[in-house]
Structures are given as C-alpha cells and as structure tokens.
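The values are calculated or read from the model by the stated rules, or taken from the named source; none is laboratory data. Because the structure is predicted, anything quoted here is derived from the model rather than measured. Neighbour counts are summed over all protein chains in view; Cβ atoms, including those assigned to glycine, are modelled from backbone coordinates with ideal geometry. When the accessible area is computed, the model is the full protein with side chains, heavy atoms only, and any ligands, DNA or RNA have been set aside. Shrake-Rupley method; radii C 1.70, N 1.55, O 1.52, S 1.80 Å.
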Amino acid sequence: MKKIHIRSFGCQMNKLDTALVSSALKDAGFSLTNGAKEADVVLINTCSVREHAEQRVLSHLGHLKHIKENKPDMVVGVIGCMAQRLGAQLLEHNAVDIVCGPNQIPQIGELVTEVLQEKKKRLAVTEKIRTASPDSEALEEFESAYGIADKAIPSQVFVRAMRGCNKFCTYCIVPYVRGPEVSRPPEAIIEQIKKLADNGVKLVTLLGQAVNLYQYKAGDKTYCLADLLYLASQVKGIEWIRFLTSYPQEEFYDEILSAMAELPKVCNYLHMPAQSGSDKILKAMNRNYTAGQYLAMLDRARAIVPGIAIAGDFMVGFPGETEEDFDATVELVKEARYKNCFVFKYSPRPGTRADKRMEDDISLEVKRTRNIELLAVQEKISGELSKEFLNKEVKVLVEGLSKKPHLDCAGGRNLPQLVGRTAEDWIVVFNGQEDLAGEFAKVKITRTSPLTLFGELAS
Ligand code: SAM
Ligand code: SF4
C-alpha cells in the first residue's frame, strides 16, 4: 500500500479540500502518513491569497527537493490555488510531478496513480477559469462522496455551500483561482450533512467566500442560506451549525439573522469582514458598502440576535491608505466591538485590479506599524468582552489536547489540558480526560485573557 502525506496551507476552504482529497485517496487504497520522509507521495495544498503564503510553499518545495535526492521515486503534487495560478510554471520546479487546480481535485487519485506508474509529470488546471464551465457534476460527486468525519478535530466538519467568488474585491486573487460563484444544490448539502451526522458529526460549518449570498433556484423556489440553516437544523445528531464567511450585503441578511435567532442549533456567531473603515478605501477595494452601512448591519445583528459574537477581517496598507484612512479603520474597530479580528498587510497579487492599476505605495514598515496598532485596539476590546465570562459556566465542544497539554489551568488533578470552543467561537482551555474530545462539556470560567477563557470542568 502506497503512503501519502498531505500538507495543507491556507484557509478553511483548503482544509476542506484536504479532507476531501484524503478521504478519496484512502478510498482509492492509499494509506495516509504524518511524515513526508516516509511517504511515497507528498501532496501540498496551497494558498495564493498573500505572497507570503506562496513563499512558504516554495520553501517547503525546496525541502522536498532535498528529500527527493535520496528518494527519487517519491512523487510530489501541488494542489489548490497556487497550482491554478502558476500552472505549467510550477511544473518546471525540479521537485514537482503533479500540478492540480481546485476544480480538478476529483482527478487526484488518477493523477497520482499515473505518475507513480509512468513517471511522467502531469498538469491539470482550468484554462480561462472565469469563462470555462467547471465540471460541476464531477465536483459534486467528489464532494458528496465525503461522509466520514475528518479525524483532525473530532465531531466537526466543514461542508461547502458555495464554490468560487464573483465579488472581485480589487486586491483579491480568489475569483481568478477558484473561478465563478456556484451554489451547491440544497439536497446534496443536506444529504451530505445527514451522512456526516450518522458518522458522529455534531458541528457543521457551511463554507462559501460570501456564504450569506448562497442562492439556488429549484423550480419556483430560490433557496437562500436561511433555508439551508432551517433544513440543516432538522438533521438528527447535528447540534451546532455555523457558516463562514459573510459579505456585508443586505440581500438575505435579515432572513439569515432571523433564522439564527429562531433556530437553537445555529450558533450566534457572525464572521463578516469590513476590510477598512475608510469609505475612500472601501470604494477602491470595490467593497460596495460604506463604513456607516457596515456598522448599521452590525447594529441590526445585535438587535435581532442578542448575545451574537462578531468577528472581522481588516487589511492595512492598501494603496493610497493615508493616516486619516487608517484612523477611520481604528474608529470602526472601536465601534464594532468584535470578539476578535484578523488583520492582514496588503500584498499585491498578480492579475488583480489593484495590482494592475494601483501602486503599492505604503511601505512595509508602515503596514507593520498599522497592523500592530489595530491588533492592540482589538486586544483591549477582546479583553473587556472576555472578562464578562468570569465565574460563568459555558458549554463547549471539546476539540482535543491544547497546545500545552502539560499545563494546569485551575486544579486539573494531573489531567491534560484540553481546548474547546463555545457556540460563539470563544476558545476555552481547561483540564480534563482526553477522551472528552468530540464531546460537549460545561466549563466554569476562572480566568480570562483577550483571546482565551480558562476554567475548570463543571460537569
Ligand atoms: N471571502 C472572504 C471575504 O470576503 O472576506 C475572505 C477571503 S480571503 C481568503 C481572507 C482574507 O484575506 C480577506 O478577508 C482579506 O482580509 C485577506 N486578503 C485577501 N486578499 C489579500 C491581499 N491581497 N493582501 C492581504 N490580505 C488579503
Ligand atoms: Fe476575495 Fe472579495 Fe471574494 Fe472574499 S469576497 S474571496 S475578499 S473577492
């Protein structure tokens, strides 16, 4: 039996693709291994969103080239966004035997087998990805076959609601590497969730680049994300449902919030990136909303879903971002009172409108300073919000051992340290039996930090 090692870089979409590919290759008779050195085949699932992510992949390929010097038969495949972006250019790398784009992953088993047998390089990417019609049937079949819980985090899985993206934010590579937006049929999604629930899955996270804009026309009815949430809520065994990532747009917004308020299984958590607090920059990013409209949407979320936790993404150093523009972003973060937010330094991506038409005129030093400053503003807010949990009991879905399992939070009686999350996505660390992984637990919070709640098992 040939051994395959898969290394994944990037976002939740990539984690999902890695789970799909692992599941398909296991079904095709390969065994999975944790180390590249003992593998017959190494696959790297790549990300193109920032240059740094691509550089990490290239340096990993350099490392694999060394391993291959002593193991010339080892097959190396690059899958994902970087494979689609660089195509044949990547195949020229000495270490690389297979280049397979995100829309070709259903072919991965075949490609690996062919290269193992024929020792010839193989390229499978989409020419003209914005106009080519993807082989939706093959992708759908590949996706739907996946019904086994991913072992990475017990009881939790990602399920794709939508592929691709049509938003064309001027900085973003995703529409050019993942192709046009396509919503999956609701019955296929629900069937898949049922299968996953039968296999012990308790938390499903529905994925899409702008998942709140999910829409699928079937006869006279157009299904939106709220409909999916109602349907998924009826699946026996599923206890929590989340969705990622939301794009700030009015369409379907109130329906989704009402579904969240009404359906106990839908977690009160909204990840809705603002990217900037400056209307000038938002316009240059082609984000189609103003800071005021965005904040009004957060107010409505809080009015309709009391206790909702909101997370955001921001980009600093976008071309033309002045001190005043950055101050407007700081103001927005202060007003938004996110649970947490992710801050990225603008990185020009080849082929995007920002790269073609705007000069990357903010120095790395200024980007770094703004990044640190914005995170500090958010840290203060997260610290204030997390303190509200002191002495309260929270329900968590346990993920497994924490990063420092030997530590004791609050009189753990020599039990390892575990990590879990609340429905609102707060990270909770406590001591308990390792076999709690994948189960729900009640934890009494005894200490807090901005991003983590610490406590002891209450039951
Ligand atoms: N679809 C989601 C959305 O609209 O927010 C997220 C997609 S993207 C993979 C995740 C985050 O990466 C974005 O929210 C953005 O902040 C960041 N990002 C995207 N392109 C970037 C770039 N060129 N440079 C730096 N950060 C970028
Ligand atoms: Fe990129 Fe914008 Fe699409 Fe998100 S919505 S994936 S940021 S183009």
message = Taking the condition of being part of a loop (DSSP other than H, G, I, E, B), open to solvent by less than 20 Å² (accessible area, probe 1.4 Å) and either basic (Lys, Arg) or near ligand 2 (Cβ under 8 Å from one of its atoms) (or both), how many residues in the stretch 165-194 meet it?
response = 4
request  = Within the stretch 201-214, identify whether any single residue is at pLDDT 95 or above, closer than 17 Å to residue 102 by Cα and of a type in the set (A, V, I, L, M), and answer yes or no.
outcome  = yes
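Does residue 404 satisfy being in a strand (DSSP E or B), farther than 30 Å from residue 283 by Cβ, open to solvent by 40 Å² or more (accessible area, probe 1.4 Å) and without any contact (Cβ under 8 Å) to a residue 60 or more places away in the chain? Quick ask: steps written out before the conclusion?
On the way: in a strand (DSSP E or B): no; farther than 30 Å from residue 283 by Cβ: yes; open to solvent by 40 Å² or more (accessible area, probe 1.4 Å): yes; without any contact (Cβ under 8 Å) to a residue 60 or more places away in the chain: yes.
So residue 404 fails the test.
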remark   = Here the residues within the stretch 5-53 that are open to solvent by less than 20 Å² (accessible area, probe 1.4 Å), touching a residue at least 40 places away in the same chain (Cβ under 8 Å) and closer than 16 Å to residue 96 by Cβ are 9, 41, 43, 48
query = residue 157 versus (1) open to solvent by less than 20 Å² (accessible area, probe 1.4 Å); (2) in a loop (DSSP other than H, G, I, E, B); (3) of a type outside the set (Phe, Trp, Tyr); (4) more than 15 Å from ligand 1 (Cβ to nearest atom): which is the lone unmet condition?
reply = (2)
Extreme residue, farthest from residue 186 (Cα to Cα), among residues of the stretch 147-158 that are at pLDDT below 75 and touching a helix residue (DSSP H, G or I) at 6+ places or on another chain (Cβ under 7 Å) = 150
remark   = Scanning the stretch 25-53 for residues that are charged (D, E, K, R), within 16 Å of ligand 2 (Cβ to nearest atom) and either part of a helix (DSSP H, G or I) or under 15 Å from residue 76 (Cα atoms) (or both) gives 51
query = Do we have residue 447 as at pLDDT 95 or above, among the basic types (Lys, Arg), under 23 Å from the mean Cα position of the chain (by Cα) and within 26 Å of residue 342 (Cβ to Cβ) here?
reply = no
task = Identify all residues within the stretch 130-146 that are part of a helix (DSSP H, G or I) and in contact (Cβ under 8 Å) with a residue 12 or more places away in the chain; write none if there are none.
result = 136, 138, 139, 140, 141, 142, 143, 144
key: One residue from 310, 281 being within 16 Å of ligand 2 (Cβ to nearest atom) and among the β-branched types (Val, Ile, Thr)   = 281
query = How many residues are open to solvent by less than 30 Å² (accessible area, probe 1.4 Å), out of contact with any Leu (no Cβ under 7 Å at 6 or more places or on another chain) and either of a type in the set (S, T, N, Q) or more than 16 Å from ligand 1 (Cβ to nearest atom) (or both) when one looks only at the stretch 218-244?
reply = 5
request  = Please work out if residue 304 is of a type outside the set (D, E, K, R), closer than 30 Å to residue 200 by Cβ and either touching a residue at least 40 places away in the same chain (Cβ under 8 Å) or surrounded by 17 or more Cβ atoms within 10 Å (Cβ to Cβ) (or both).
outcome  = no
